[in-house]
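Since the structure comes first, as structure tokens, the remarks are kept for the end.
The numbers here are math on the coordinates, done by the rules we state, and not lab data. Since the structure is predicted, the reported quantities are computational estimates derived from the model, not experimental observations. Backbone-built Cβ (ideal geometry, glycine too); neighbour counts: all protein chains shown.
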Amino acid sequence: MRKREIFTVSLPREMLKQVEQVRKAEHRTRSELVREALRKYIREADMEMLRTRAATLRAVPPQAEEVAAVEAGTRELASGKHRPFKQLRDELLARRRPPRRKKP
């Protein structure tokens, strides 16, 4: 059973000449070039769909507790009452329980 399907595409002569120039310059087959072009097109189409969808979403205002937490964090940072991520990570890793021994 084949994992790929074959389909035919017609192109204007000028476009085919451009495809051949790029293909030769990049040492690719026509199929590789077309697959890559389609991947890029599909990726861009997906991104455009997400941008369009995101534009229709309504922003939800933050709740009072969230605003207060951000303000408290900002004050702590400004006063130097914070730990760098590396230090926090090391502390959390040190708290981990050692692995248990396997029972015989």
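Measure nothing fancy, just the Cα-based angle from helix 64-79's long axis to the longest principal axis of the chain, in degrees from 0 to 90, nearest 10. Value to nearest ten degrees: 80. Residues of segment 44-64 with an amide N closer than 16 Å to a point placed 7 Å from the Cα of Val70 along the Cα-to-Cβ direction: 59-64. Rounded to the nearest 500, the helix-only mean residue ellipticity at 222 nm of the chain stands at -21500 deg cm²/dmol, with each DSSP H run of n ≥ 4 adding -39,500 (n - 2.57).
Backbone amide hydrogens, once placed in the peptide plane, bring Arg28 within less than 5 Å of nothing, excluding anything fewer than 5 places away on its chain. The lysine pair tally for the chain, using Cα distances under 30 Å and a gap of 8 or more places or different chains, is 5.
Converting phi to 3J(HN,Hα) with the Karplus coefficients 6.51, -1.76 and 1.60 and the offset θ = phi - 60°, segment 30-41 yields 4, 4, 4, 5, 5, 4, 5, 4, 5, 4, 5, 4 Hz in sequence order, with x at every glycine or proline. What you get for the chain, charging only the Cβ of Lys and Arg (+1) and of Asp and Glu (-1), is a dipole of about 1080 debye around the Cα centre. Axis angle, to the nearest 10 degrees, between helix 85-95 and the longest C-alpha principal axis of the chain: 70 degrees. Legend: translational diffusion of segment 13-55 by Stokes-Einstein, Rh = Kirkwood radius over C-alpha pairs, 4 °C, 1.567 mPa s; D = 110 µm²/s. How large is ³J(HN,Hα) for each residue in segment 12-22, as worked out from phi by the Karplus curve 6.51 cos²θ - 1.76 cosθ + 1.60 (θ = phi - 60°), to whole Hz, x for Gly and Pro? Per residue, the Karplus-derived 3J(HN,Hα) values read x, 4, 4, 5, 4, 4, 5, 4, 5, 4, 5 Hz.
Taking the centroid of alpha carbons for each part, segment 46-102 and segment 1-42 are 44 Å apart. Note on the chain: Cα-Cα pairs beyond 17 Å make up 79% of the total pair count.
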